[in-house]
Each structure stands twice: as C-alpha cells, then as structure tokens.
Amino acid sequence: MDDILIRMEHVEKWYGGFHALKDVNLTVRRGEKIVLCGPSGSGKSTLIRCINHLETIKSGRITVDGTALTDSPQAVDMVRREVGMCFQQFNLFPHKTVLENCMLAPMRVRKLTREAAEATARKYLDRVRIGNQADKYPAQLSGGQQQRVAIARALCMEPKAMLFDEPTSALDPEMVKEVLDTMIGLAHDGMTMICVTHEMGFARQVADRVIFMAEGEIIEEGEPNAFFRNPRHERTRAFLGEILAHH
Amino acid sequence: MPHLGINEITFLAQGLKWTLFLTAIGFCGGIVFGLLVALGRVAQNRALRMAAAGWIAVFQGTPLLMQLFVVFFGLPLLGVNVSAWLAVAIALTAHASAFLGEIWRGAIQAIPKGQSEASHALGLHYRSRMFDIILPQALKISLPATVGFLVQLLKGTSLAAIVGFIELTRAGQIVSNQTYQPLFVFGLVGVLYFMMCWPLSYWGRRMETRLSQDPR
C-alpha cells in the first residue's frame, strides 16, 4: 500500500482575480498529523477544502488514497467517502437529532442498514463522550458538544483522513479544551489529520509537521519543536510572535 | 327580516363545496409543480434556472383572471379541447406553482451554506441533500408564507366563475338575483369566506410564533 494518503502537486486556485493558492505542494503520509496555520486569508481553509472538492482547483493534481481527484462525480464521491471534515460552525443538521445526524450519511452513502448505522453512531458518540445526548437536537447542546457531535458524525463514515477547519474558533474559551481533547484522542488512535487551527499547544502536542501559509503559499514547514523554536522566515516569526503573545 | 329558503342554502353550500374543491386542486397541483419550479430555480443548470425564472415571471406578472381566460379560451384555439374543469385545474395549478415555487426558492436559499457543504463533505448526493437536509428546513421556515398563499388562492378561486364555474361567489350572485337580497346574501358569502380564511391565517401566524421559539 502506498504510504502517501494525500498528495497535492502544483495546485493553483483563483477566486476571480484573487490568487488563493499558489503552487501548493503537500504530501501527507498515512497516520500523519499536520497543523496548518497562518494569518486569515492565507489560503489554509481553501487548501483543505480543495482536498474534498468543496473548492475546485484551476490547475495541479490532488490524489487521495491513490485516486486522482478530478471533477468526475465518481472521483469526488470516492474522495468524500474517505475524507471526513469538521467545520468552524459545526454545520450539524438542526432538524435532526444527534443520533440521526450521525446515521444519515452511513445509511445513504455507505448503504448501511438502520441498525448497523445506529450501532456505528452510538459507538462514535460514546467515543467523543456524548453518547448520553444522542436523542437531543443540536440546538440543545453547547458549542463544544456540538463540535464533538460533528466529529462523531464524520467518524461514522469511517474515513481514512479527517480535515479540521478551525474547529475551535467559534467556541467559548471554556469549551475549547473538550474539543481539543477529542482531537488529541483521535490523533493517538492513528487518524490521519490535517487541522487548520491557531491552537499552538495542540500543534506542539500532536502534530508531526506544522505548516505555515501566507498569501496562498506554503512559506515554511517543519517538525513542531524546530518550527516553534527557530522559525526560518521573517513572516513566520512575526506570525508566531503575534499568536503566541496571546497564550 | 331577510331569510333564505332551503333551496338557496343548498345552492350556496354547493358553491362552497366547489370553492373548497378548487382550492384543494390548486394547492395540491401547486405543491407538486411548485416544488419542481423551486428546484429548477436553484438548479446548477442555467437553462433550467432560466426556465423556472421565466415561468415564475409570467404567472406572477399577469392576473389570475387572465390566466384562466388564456387556458379556457386559448387552448381550444390550439386545437386542445379542455373542459371548464380541466381549464381551471390547469390554470390554478400553474398559478400556484409559480407563487409557491418562488416562496420555496427563497426559503431554500435562506438555509445556511454550511448545511449543503456539510452534506457534500459527507458524500451525500443531490436527492439526499435536498430531501433529507435542505427541503425539510426550507419548507419549515416557509410554512407561514405558504399558508398565506393558500388563503390568497382560496379567495382567488372566485375567479373561476368566469369560465362558468358556480363556486361560492357565483352561487351568491345567482341567489342574490333570485331573492333580491344582495346585502344579506353577499354578507353571508363574505362570512363564509372569512370562516375559511381566518382560521388558516390564524394557524399560519401561530406557526410563525411557534417556529421562532423552537430551538431547532
């Protein structure tokens, strides 16, 4: 089996006249945890949204688990089945209970029976320690709980990789930890993860590599200790100075 | 003291029955075709979007009376013979589909983009995305407006009299001519309309308040 799960080669992305991603190259090994950071507008969310085709690219190549991600529906389906995603705003389905949120995609996409989907859903809800809230609606939960449900919902598809798009940015400070703990648990279980986050403590603790982006380019990347201790680029230093000053 | 005989009352009741029936037809047809119009309006395909927009523009931009005329007198000119029945059913359905389609189009677009992004990310296809995620939420927020349109449609059925339908308004006119009690008869007809429309409006308003308090 190929050791590389996700590969991006010379990816270019434009929004109209705005050059959002400039010659992005990235390889992610199986089980690798990557933290993407950078100032807002630097293209980090765009980058991970390209991996599951929420954004289309202008040129370049993206390969996920051996499948070339083209615009063909089959390729898009395959990639989305294997890659889970969590959003800043959770995006739970408000008209469905926590359990139903988790059961829908396995039933519709993986064609699981209701019983099997429910068993899977309960397993992952327990794993994010929210099993006792299964019959509630999202609005009845706190932000931290909602984000954990969103993680469970993505895990129910048993993805090979998880993308996190600023999963703690919309949370009240006291709820950040419960979500990060869940993500750390996931990392320890060997999940391949790409996380857009400013939680540098999390990056230090679990990341194999930290990548710094600015203006659509990958400026610098490295193993977390080296990255935080001696950033090579002036911009990385400036960014880290800004961000670490608050912690 | 004005009064009506049993015959006149039966006649008005028949008219009332037709009014309810026409409303039901327009509404049921409107729901089915309105859904298609709404889905067309938000489709990826540009031609579909344009077609749905055109449909809405035509039926919102012309009076229902004229639409009834065109179907009833126009289709026979094209060699299609339609009974008054069918003509009214077609016209009311088309009319309702345009208005409901536009109401639901707005509701669909009011659902936050994150909902369809999450559906995409989970690998859900169009059908599941629409019918499991987007439409249930959209129809819920559009319920008050939908009920409001139902009330309009119910009153609009009085125009079916133009192609020979004896619904409530037309029945009232006939009874009034026979009994020379226009004020009383039309007063009664008005009360009947009110008794049908007001509970609907009330229901729609209550739903609106309930929805705004519902945590979901």
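Since every read-out is calculated from the coordinates, none of them should be taken as a lab result. Since the model is a prediction, treat every value here as computed from it, not as a measurement. Neighbour counts run over all protein chains shown; Cβ positions are idealised from the backbone, glycine included.
Across peptide B:131-137, the average count of Cβ atoms from other chains found within 10 Å of a residue's Cβ is 3. Taking trypsin sites (Lys or Arg not before Pro) across segment A:72-138, the ones in a DSSP loop with at most 13 further Cβ atoms lying within 10 angstrom of their Cβ are A:K111.
Helical runs (DSSP H, four residues minimum) scored at -39500 (n - 2.57) apiece and divided by the length of chain B put the mean residue ellipticity at 222 nm at -25500 deg cm²/dmol.
Where only DSSP H runs of four or more residues are counted, chain A gives -12000 deg cm²/dmol as its mean residue ellipticity at 222 nm, each run worth -39500 (n - 2.57). The Cα atoms of the protein assembly as shown give a gyration tensor whose axes a ≥ b ≥ c have a/c of 1.5 or more with a/b greater than b/c, which makes the shape prolate.
Any lysines with Cα under 28 Å of the A:K96 Cα? List them, leaving off those in the same chain fewer than 8 positions away. Qualifying lysines at Cα under 28 Å: A:K111, A:K123, A:K136, A:K160, A:K177, B:K113, B:K140. Could you please report the charge total around A:R209, scoring K, R as +1 and D, E as -1 over all other residues with beta-carbon less than 9 angstrom from its beta-carbon? So the environment of A:R209 carries a net charge of -3.
By DSSP, the beta bridges lying fully in segment A:4-246 are antiparallel in about 55 percent of cases. Taking a ≥ b ≥ c as the square roots of the eigenvalues of the Cα gyration tensor, segment A:20-59 is classed as oblate, since a/c reaches at least 1.5 and a/b does not exceed b/c.
Averaged over peptide B:111-121, the number of partner chain Cβ atoms lying within 10 Å of each residue's Cβ comes to 6.
For chain A, with a Gaussian network of springs between Cα atoms less than 10 Å apart, report the residue from A:G43, A:G190, A:G17 with the top mean-square fluctuation. Among A:G43, A:G190, A:G17, the largest GNM mean-square fluctuation belongs to A:G17.
From the Cα gyration tensor of segment A:4-246, with a ≥ b ≥ c the square roots of its eigenvalues, which class applies: rounded if a/c is under 1.5, or else prolate if a/b is larger than b/c, or else oblate? Oblate is the answer for segment A:4-246, as a/c is 1.5 or above yet b/c matches or exceeds a/b. Computed from backbone phi, the HN-Hα couplings of segment B:141-157 come to 6, 8, 3, x, 5, 5, 5, x, 5, 4, 5, 4, 5, 4, 5, x, 5 Hz, rounded to whole numbers (Karplus: 6.51 cos²θ - 1.76 cosθ + 1.60, θ = phi - 60°; Gly and Pro given as x).
Counts of other chain beta carbons within 10 angstrom of each beta carbon in peptide A:80-86 average 3. The Cα center of segment B:86-100 and the Cα center of segment A:176-197 differ in position by 54 Å.
Helix B:46-61 and the longest principal axis of the Cα set of chain B meet at an angle near 30°.
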